[in-house]
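To start, the structure itself, in structure tokens.
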Amino acid sequence: MPRNSAPVPMEALLAAELPEGEGWQYEPKWDGFRCIARRHGEKVEMISRSGKPLGRYFPEVLEILDRLEERHFTIDGELIIPLDDRLDFEVLQLRLHPAESRVRKLAKETPAQLMLFDVLEIGGKSFDEKTLAQRRRTLEHFYETNAVDGLLLSPATTNRDVALGWLRRSGGALDGVIAKRLDQPYRFGERAMVKVKQLRTADCVVGGFRYAEKKREVGSLLLGLYDDDGKLHHVGFTSGIPAKERAALTERLEALIQPPGFPGNAPGGPSRWNTERTGQWEPLRPELVVEVRYDQVTGRRFRHGTALLRWRPDKAPKQCTFEQLAPELRPSEIKELFAG
């Protein structure tokens, strides 16, 4: 294990399906911030995937680590914030704030937890060269002997059917499923794991668009869904428009420009989402419908950009409602995961 610098976590390679056969361990992929936590005596620190310190943003988790009986350890896990009926990634993002007073206030209002899924070192003994099967047994013992509120142990299984069940219910608290070889050591900085995400489709109203940065042609379509009161809300975007279609599509969209576009939540409002370029956008009459593929919904918004599949002239805009989205995971379902 790296001794004089921040350890670089083992990464995952995206795949279409979970691997089959003997020798695999499957784990939920939690919707949070990856975190390497380590303690050497009185020094406790948390390190992000990119090697940056996280401790100042999550002081309550530093306190959790400081309460552990073990004084020397390095563990791999995920920072999560359970809030209301889901794990809230947006609230996690709010923690990355320069003002310590703001961070302390949020730490009290929405405390984070640390979900463990691997161990690299305990008591000065390195485990990164051990197999995953050995590390998992060590991690379970570490968790049992250092149990405190706010520290969680992620479920794991060698049963692919169980993992497929987790995958089917992903999209809220879960970001998919991770598969790891039981006979494999911890490979720092390598894509030595497999991750699979549940991809779903939705029909959305095109409530607006943005021009491309360097050319007055459509760059992205702004997507909307109707709530129970018939109000259209901005839920995300798609930008995979073939170049040969952009000129004609731009002309078609410009003929539909008409405010407000999104009477409900609109682009450019209060948000911590950083996957979509902010700036000027053009509102449209709600007449066009597209089918898109998405991977995750958090706070009734698509987390990432979506893939444009096809136009749906056969679909009435008012049929594009939130009801078609997969529900986010509820706390009772999270408890079921831990119950096996």
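The values are calculated or read from the model by the stated rules, or taken from the named source; none is laboratory data. A quick note: this is a predicted structure, and the numbers were derived from the prediction, not measured. All Cβ positions, even for glycine, are placed from backbone atoms using ideal geometry, and neighbour counts span all protein chains on display. What goes into the accessible areas is simple: the full protein's heavy atoms, side chains included, and nothing from ligands, DNA or RNA. Shrake-Rupley method; radii C 1.70, N 1.55, O 1.52, S 1.80 Å.
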task = State whether one or more residues within segment 64-71 are open to solvent by less than 20 Å² (accessible area, probe 1.4 Å) and of a type in the set (Val, Ile, Thr).
result = yes
task = Tell me, please, whether a residue that is at pLDDT 95 or above, buried (at least 20 other Cβ atoms within 10 Å of the Cβ), basic (Lys, Arg) and touching a strand residue (DSSP E or B) at 6+ places or on another chain (Cβ under 6 Å) can be found in segment 16-38.
result = yes
task = Take ALA12 and decide whether it is open to solvent by less than 20 Å² (accessible area, probe 1.4 Å), modelled with pLDDT under 95 and among the small types (Gly, Ala, Ser).
result = yes
query = What are the residues in segment 298-340 that are among the aliphatic types (A, V, I, L, M), modelled with pLDDT under 85 and open to solvent by 70 Å² or more (accessible area, probe 1.4 Å), if any?
reply = ALA339
message = Being at pLDDT below 95 and under 16 Å from LEU132 (Cβ atoms) is true for just one of ARG191, ARG200. Which residue is that?
response = ARG191
request  = Any residue in segment 125-153 that's over 23 Å from PRO111 (Cα atoms) and touching a residue at least 24 places away in the same chain (Cβ under 8 Å): show its pairings with residues that are basic (Lys, Arg) and part of a helix (DSSP H, G or I) at Cβ separation under 7 Å, as long as the two are six or more apart or on different chains.
outcome  = PHE127/ARG135
Matching entry among SER154, SER101, SER126 (being of a type in the set (Gly, Ala, Ser), exposed (fewer than 13 other Cβ atoms within 10 Å of the Cβ) and either under 30 Å from ASP183 (Cβ atoms) or out of contact with any strand residue (DSSP E or B) (no Cβ under 7 Å at 6 or more places or on another chain) (or both)) = SER101
request  = Answer yes or no: is there a residue in segment 176-187 that is assigned to a loop (DSSP other than H, G, I, E, B), of a type outside the set (Asp, Glu), touching an Asp or Glu at 6+ places or on another chain (Cβ under 7 Å) and more than 16 Å from ARG301 (Cβ to Cβ).
outcome  = yes
Neighbours by Cβ (under 9 Å, 6+ apart or cross-chain): first from segment 173-191, on the phi > 0 side of the Ramachandran plot and open to solvent by 40 Å² or more (accessible area, probe 1.4 Å); second part of a strand (DSSP E or B) and not basic (Lys, Arg) = GLY189/GLU11
task = Of the conditions (1) modelled with pLDDT of 95 or more; (2) touching a Pro at 6+ places or on another chain (Cβ under 8 Å); (3) under 21 Å from ARG187 (Cα atoms), ALA107 clears all except one; give me its number.
result = (3)
key: Pairs with Cβ under 7 Å, 6+ apart, first in segment 279-308 and closer than 20 Å to GLU213 by Cβ and without any contact (Cβ under 8 Å) to a residue 60 or more places away in the chain, second open to solvent by less than 10 Å² (accessible area, probe 1.4 Å) and among the β-branched types (Val, Ile, Thr)   = none
inquiry  = Which of the numbered conditions does GLU109 fail, given that it passes all the others? Conditions: (1) under 22 Å from the mean Cα position of the chain (by Cα); (2) open to solvent by 30 Å² or more (accessible area, probe 1.4 Å); (3) touching a residue at least 60 places away in the same chain (Cβ under 8 Å).
reply    = (3)
query = Quick check: is even one residue across segment 245-260 crowded, with 21+ Cβ neighbours inside 10 Å, modelled with pLDDT of 95 or more and not β-branched (Val, Ile, Thr)?
reply = no
request  = Give the number of residues within segment 46-58 that are surrounded by fewer than 18 Cβ atoms within 10 Å (Cβ to Cβ) and either modelled with pLDDT of 95 or more or within 19 Å of ARG104 (Cβ to Cβ) (or both).
outcome  = 3
query = Of the residues that sit in segment 261-282 and are open to solvent by 50 Å² or more (accessible area, probe 1.4 Å) and closer than 18 Å to GLY219 by Cα, which one is modelled with the highest pLDDT?
reply = GLN280
key: Per-region count, segment 28-52, residues in contact (Cβ under 8 Å) with a residue 24 or more places away in the chain and over 15 Å from the mean Cα position of the chain (by Cα)   = 9
